[in-house]
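To keep things clear, I will list the structure first and then write my remarks on it.
Bear in mind these aren't lab numbers, they're just calculated from the coordinates by the rules spelled out. Here the structure is a predicted model, which is why all the values come from computation and not from measurement. Virtual Cβ from ideal backbone geometry, glycine too; neighbours counted across all protein chains shown.
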Amino acid sequence: MDIQRVGIVGCGLMGSGIAQCAAEAGCEVWVKEADESLLARGLARISGAWERAEGKGKITGEQRNAFIARLHGTLAFADLAGCDLAVEAVPERMDLKLETFAELDKVLGAHAVLCTNTSSLTVAHLSPVLSPERLPRLAGLHFFNPVPAMPLVEIVRTLATDGDTLAALKGFVQRLGKTAVLAPDAPGFVVNRLLVPYLLDALRCAEQKLATVEDIDTAMKLGCGHPMGPLHLSDFIGLDTMQSVADVMFEAFGEPRFKAPSILRQLVAAGRLGRKSGAGFYRWEGEKRLEALPL
């Protein structure tokens with residue numbers, strides 16, 4: 001199946017990034033949000049990225065106009081009815097994802113592929129709300145933040161996912177100019193199964209005052225060649241998101257390395273969520289990281 005029409009539920013950081021990439025790749029894109037304010041914010045994020053790209057000479061005005069013409073915002077699930085692929089990109093709450101899947105299953109055509117962008121939940125756990133006929137076309141399609149810049153997508157196959165669905169998703173990922181890896185349907189998949197314990201260990205080091213926040217990040221950047229340090233990366237991901245992922249993985253595996261440390265819960269409770277809130281381990285002004293904050 002050739003994926004030409006893409007529906008995305010959720011226009012936050014991940015959903016808007018997926019929508020941007022799909023529109024740039026020539027797909028007709030419908031992105032749904034819960035209300036006008038959230039939709040306007042997400043669409044403005046996408047249009048702002050294209051305006052900046054045009055200003056830097058990376059795209060032409062003609063290309064920007066073509067991208068905009070392929071992007072459609074909506075508040076109604078019904079507007080996604082004609083899509084070949086629907087991607088759920090709502091927050092990491094099982095109840096919200098199940099509700100979204102149930103609505104999508106009602107409106108999508110029989111041929112459509114249904115995917116979740118979950119970073120930690122088991123894809124098969126979303127299947128009880130779907131019709132049996134949909135199960136061969138259910139999969140995970142896990143993008144990384146920021147979506148336009150990150151070249152990897154994890155395709156997650158359940159026991160019911162058929163070969164045609166995998167082939168369609170591999171072709172779609174290739175069309176976006178990204179690389180796909182096939183991941184097992186287990187919490188964390190491949191990347192987060194390895195990455196999350198590393199980040200949580202870095203948080204424990206900061207909590208135990210092994211070194212300053214800046215020195216922990218500098219050590220891993222210059223000592224291991226990482227593009228950004230673990231505490232900077234944690235702020236970038238979102239500390240609330242990290243807590244949710246850690247809780248899911250600890251519940252699944254029961255291993256201490258997946259348990260969220262106290263400092264993470266304290267920061268989230270204090271509203272210090274990282275870049276998205278303007279404060280986490282560091283103070284932020286938009287995309288710009290400023291000084292480290294006291295713990």
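Helix-only estimate, please: 222 nm mean residue ellipticity of the chain, summing -39500 (n - 2.57) across DSSP H runs of length 4 or more and dividing by its residues, to the nearest 500. Don't jump to the answer; show the numbers that get you there.
Numbers: 10 runs with 128 residues, N = 295.
That comes out to -13500 deg cm²/dmol.
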At q = 0.18 Å⁻¹, base-10 log of I(q)/I(0) for the range 212-295 (Debye sum, equal scatterers on each alpha carbon): -0.77
Top positive-direction residue, dipole computed over the range 177-246 with Cβ charges, set M220, Q243, A186: A186
Top positive-direction residue, dipole computed over the range 69-213 with Cβ charges, set H111, L85, L210: L210
Trypsin sites (Lys or Arg not before Pro) within the range 47-99, DSSP loop, no more than 13 other Cβ atoms inside 10 Å: K56, K58, R93
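Please give me the summed charge of the neighbours of G278: other residues whose Cβ is under 15 Å from its Cβ, Lys and Arg +1, Asp and Glu -1. Write down the numbers at each step before the final one.
Details: positive: R272, R275, K276, R283, K288, R289; negative: D235, D240, E285, E287, E291.
With Lys, Arg at +1 and Asp, Glu at -1, the net is +1.
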Under 12 Å from the Cα of K259 - aspartates and glutamates, other chains or at least 8 residues apart: D201, D247, E251
Eligible lysines near K106 by straight Cα distance, threshold 26 Å, same-chain separation 8 or greater: K32, K97, K170
In degrees, nearest ten, helix 191-207 long axis to first principal axis of the chain (Cα): 30 degrees
Span from the the range 188-255 Cα centroid across to the the range 41-55 one, whole angstrom: 30 Å
Anchor K56: lysines whose Cα lies under 19 Å away (excluding residues fewer than 8 positions away in-chain): K288
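What shape does the range 70-180 take by its C-alpha gyration tensor, where a ≥ b ≥ c are the square roots of the eigenvalues and a/c under 1.5 counts as rounded, a/b above b/c as prolate, and the rest as oblate?
Details: a/c = 1.29, a/b = 1.20, b/c = 1.08.
The shape class here is rounded.
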